Structures are given as C-alpha cells and as structure tokens.
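Below is one structure, written out as structure tokens; the observations come after it.
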C-alpha cells in the first residue's frame, strides 16, 4: 500500500517569529517570503498565525514537494528579472 504524505508545502509571507516549520526564505520584489512545510486539516494548511475568523479569506497553492515550490519561485524570479 502506498504511503500518503501527511505534509505539503506552501509559499507564504516570511515572519521570523512564526512557529511554523520554515524550509527556506527568499526575497521577491523587495518582500520576504518563505516555503513552509505544513499539515492539512480538511484540505487547509494548519498554520500558527491564522485566526479562525481570517481562515475563509486565505487560500494557498499546495505543493507536494519542496522542489515543486522552489520551481515556482524560480519562475517568479525569472519574471521579476524581465521587468
């Protein structure tokens, strides 16, 4: 039987005080972002900084691997360089 990943990766705004598991930090357009490894609860990331009332307004793209998230960041950085 195949094992199902219990965690996924998201790209979020970087906060050095976050209790979430931060995999890497990067800067795009002068702003700091990070890749976080998170668990899901009914398809939504479990984050230390999301309040229940704010939850309905926040949507993240979920990446199965950290490599997928890094590839997306590289595409964004390439587009940033074209400006």
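The values are calculated or read from the model by the stated rules, or taken from the named source; none is laboratory data. As the structure is a prediction and not an experimental result, all values here were calculated from the model. Here the Cβ positions follow ideal geometry from the backbone for every residue, glycine too, while neighbour counts run over all protein chains shown.
Taking the criterion of being at pLDDT below 90 and in contact with a strand residue (DSSP E or B) (Cβ under 6 Å, 6 or more places away or on another chain), would at least one residue in the stretch 16-27 satisfy it? No, the stretch 16-27 contains no residue that is at pLDDT below 90 and in contact with a strand residue (DSSP E or B) (Cβ under 6 Å, 6 or more places away or on another chain). Checking each residue in the stretch 49-83 for being under 18 Å from residue 32 (Cα atoms), modelled with pLDDT of 85 or more and in a loop (DSSP other than H, G, I, E, B) picks out 60, 61.
Residue pairs whose Cβ atoms lie under 9 Å apart, sitting 6 or more positions apart in sequence or on different chains, and linking a residue in the stretch 16-41 that is on the phi < 0 side of the Ramachandran plot and without any contact (Cβ under 8 Å) to a residue 12 or more places away in the chain to a partner that is surrounded by 11 or more Cβ atoms within 10 Å (Cβ to Cβ) and assigned to a strand (DSSP E or B), are 16/22; 16/25; 16/32; 25/32; 25/33; 25/34; 25/35; 27/33.
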